[in-house]
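The values are calculated or read from the model by the stated rules, or taken from the named source; none is laboratory data. If you're wondering where the values come from, they're calculated on a predicted model, not measured in any experiment. Note that each Cβ is placed from the backbone with ideal geometry, even for glycine, and that neighbours are counted across all protein chains shown. Each accessible area value is taken on the protein alone, full model and side chains, heavy atoms only, with ligands, DNA and RNA left out. Shrake-Rupley method; radii C 1.70, N 1.55, O 1.52, S 1.80 Å.
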Amino acid sequence: MFQILAFLLALSVTSLLGQLQTINGDQCKSTDYTVGYGYKNWHNATEIPTADGTVKFKFYVQAESDAHIMLAREPASSGYEIVLGGGSNTFCDIRKFNGKLISMASVGPKKILDAANPVGFWVSASKQSGLIEVGRNGESLPIIFWKDPEPIPVNYYSFSSWGTVISKWIFKCKPDPLAAPKTDVLNARDRIDYTKKFFTYMEKLRRDVLKKRGMSRSDPTTNAQRVLNVAITGDFKFIHLDVMTSTLTLRGIATFEWTDNSIHWNPQDYKNISKLHLSNYELWQPELVLHNAMDPASSMFSEPKISVDNNGQITWRPKFDIRTKCDVDLTSWPWDKHKCTLLLSTWSHKISNVFYEIKDNQNSGCFQVSHSDWRLASMTVSYVKDSTPWDDIVAAINDVDSSSKDDGSTQYSLQIVVEISRNTKILEKLFYVPLILISCVWLSSFGIMSNSLSKITTICVSIVISILTIVYMTNYVPVFAEYPPDLMLGYLKLILLISVDAFISSLLITVHNRKTTSGHPPFELTRFLTTPIVTKVLALPKLDSPRTLIYVQSDQRLDEGHDSRITLWDIVIVAFERILFIMFFAITVAILWSVKISVMALF
């Protein structure tokens, strides 16, 4: 027993000693892990006293995205929430919690967190002025700040994550007294001379542009007095609509163009360099997100470099990958057209501060996409009142309906309605041509005597082929569609007509077999059918004339031992079939006409 207690005591002591970590010259006492949203472990924020009561502490976090820090008066009470790397590591936010969680300040630095290495930050909360600041370790300027006119005292803090993101927190950090102080080998003048001597013209231009823009602090989305105009041109490379799942997929390259007045230089000062390429995180770029995406957490744009010229004209050409739901109407399948709605919003700024103008790109084959089953027929753009994704997240946290929110600020979203149509005719030839061939084969059976086995065989084969075609068609259209395709209804109508013909043919066979024992047909009927006009119109055979070879061969089994000459009953049956043929032919043409206006459209 004593050995077991000693082992547990040694293990606990080792664990406590292992919590003291030295990172970037700081000694940190505590380590914690979080997953999911919720604040459980609270820590004293006033361990380091200050003269004015300002709370300051440093910490390190290692996470893929969505690091949450809660500053509160008491555990689980009112306070401030800080979000680092929210929205898949695309923005930072300061929120105030006083019964409801409300966003107060937001900025859009991307890739601020690192899933492989801890990143250091500092937090400062002033009790007197209400100023909340968050910055990176080693930097004096904050990356985000907000001043609360009604400050809430901060006495405790806690950490949290979001969703399935696992975060590692290293906190309660103080400078390591044993760490070697950092000394500069060169003084300020030597460093300036060094950069001037060894920097290329491109490096000098890059440094000067970013330095000048940083001093002017010209974020185009924060100027409420001026609307930034952004022109968008889409070059679609792939368009596909899965009608089975109602999923629209769009891939291509989007070109964004806008002007930043804080960027300008004289090309002659930099050896005639008039264009510069910067990383996407060094300049502002449109942060559009697809509100009705299949996967809202994924970004629909890639992260290429940004092109800037000496006049401040900026061009950004990211690849886009869009997957969203689309309301499909299969009534005209496979000649169907569909209208799909794309609802675009932003994370970090109001869309009313930026005017997005989508232009047609006729030169790049925007409306005719090669190697695609679909083509873009038209595209309309408008602004609509709608909640943003951030409003939905806040509403979900506060358990309220975002549509009923009325805080006086109208939110707008960019609505793009794309109309697509099929770019292939293989389905037309695969399903519409068999409908015509089956109709022709079935109608040709009226040239055979009703008591013939060939007619019954033709009818049965036509029904079987039609049913198999419908079964194969279900591989391309959903079985339980709200509005089934007219082409499928055409097959069903044709099967109904052929079934009626099969029933009538069976009755005519019965009449033909009993004609020798039932006497003659009515005199008025035979007199009408034997008139020259009716005989020519209906192409009736003459009375007592020998049957044709095809009739004799096809009726050999049914008429074996009987006279092979045309009787009055034969004329009545043939006349009835001729009339049925005219009726069925007219109905079949109407069915084909309703399915497709012109057969020539196939070719």
Q.
Criterion first (closer than 21 Å to ILE420 by Cβ, at pLDDT 85 or above and out of contact with any Phe, Trp or Tyr (no Cβ under 7 Å at 6 or more places or on another chain)) does VAL328 satisfy it?
A. yes
Q.
So, LEU427, is that one at pLDDT 75 or above, open to solvent by 40 Å² or more (accessible area, probe 1.4 Å) and closer than 30 Å to GLY490 by Cβ or not?
A. no
Q) For SER505, are the conditions met, namely being at pLDDT 80 or above, polar (S, T, N, Q) and outside any loop (DSSP other than H, G, I, E, B)? A) no
**Q.** Breaking point among (1) open to solvent by less than 50 Å² (accessible area, probe 1.4 Å); (2) at pLDDT 85 or above, for GLU282
**A.** (2)
Q. Out of all the residues in region 149-171, which are of a type in the set (D, E, K, R) and at pLDDT 90 or above?
A. LYS168
Q.
I'm told SER439 meets every condition in (1) surrounded by fewer than 16 Cβ atoms within 10 Å (Cβ to Cβ); (2) modelled with pLDDT of 80 or more; (3) small (Gly, Ala, Ser) except one. Can you identify the failing condition by its number?
A. (1)
Q: Answer yes or no as to whether VAL417 is modelled with pLDDT of 80 or more, surrounded by fewer than 16 Cβ atoms within 10 Å (Cβ to Cβ) and within 30 Å of LEU494 (Cβ to Cβ).
A: no
Q) Can you find a residue in region 58-75 that is surrounded by fewer than 17 Cβ atoms within 10 Å (Cβ to Cβ) and of a type in the set (Gly, Ala, Ser)? A) no
Q | Matching residues in region 87-103 - criterion: being in contact (Cβ under 8 Å) with a residue 24 or more places away in the chain, of a type outside the set (Ser, Thr, Tyr) and in a loop (DSSP other than H, G, I, E, B) | A | ASN98, LYS100
Q: Kindly indicate the residue of region 190-244 that is open to solvent by less than 50 Å² (accessible area, probe 1.4 Å) and modelled with pLDDT under 70 and also farthest from the chain's Cα centre (by Cα) among those meeting that condition.
A: THR195
Q) Consider LEU343 against the criteria (1) closer than 30 Å to VAL209 by Cα; (2) in contact (Cβ under 8 Å) with a residue 40 or more places away in the chain; (3) touching a His at 6+ places or on another chain (Cβ under 8 Å): it satisfies all of them except one. Which criterion is unmet? A) (1)
Q: Output the residue which, of all residues in region 464-499 that are part of a helix (DSSP H, G or I) and of a type in the set (Val, Ile, Thr), is least open to solvent (accessible area, probe 1.4 Å).
A: ILE498
Q. Among the residues of region 34-49, is any over 20 Å from VAL165 (Cα atoms) and β-branched (Val, Ile, Thr)?
A. yes
Q: Please verify whether region 54-61 includes one or more residues that are at pLDDT below 90 and either in a loop (DSSP other than H, G, I, E, B) or in contact with a Leu (Cβ under 6 Å, 6 or more places away or on another chain) (or both).
A: yes
Q.
Taking the criterion of being open to solvent by less than 50 Å² (accessible area, probe 1.4 Å), modelled with pLDDT of 85 or more, within 18 Å of GLY163 (Cβ to Cβ) and not small (Gly, Ala, Ser), would at least one residue in region 113-124 satisfy it?
A. yes
(Q) What are the pairs with Cβ atoms under 9 angstrom where one residue, in region 104-127, is closer than 26 Å to ILE48 by Cβ and touching a residue at least 12 places away in the same chain (Cβ under 8 Å) and the other, located anywhere, is crowded, with 18+ Cβ neighbours inside 10 Å and among the basic types (Lys, Arg)? Sequence gap at least six, or different chains. (A) MET104/ARG95; MET104/LYS96; ALA105/ARG95; GLY120/LYS58; PHE121/LYS58; TRP122/LYS58; VAL123/LYS58
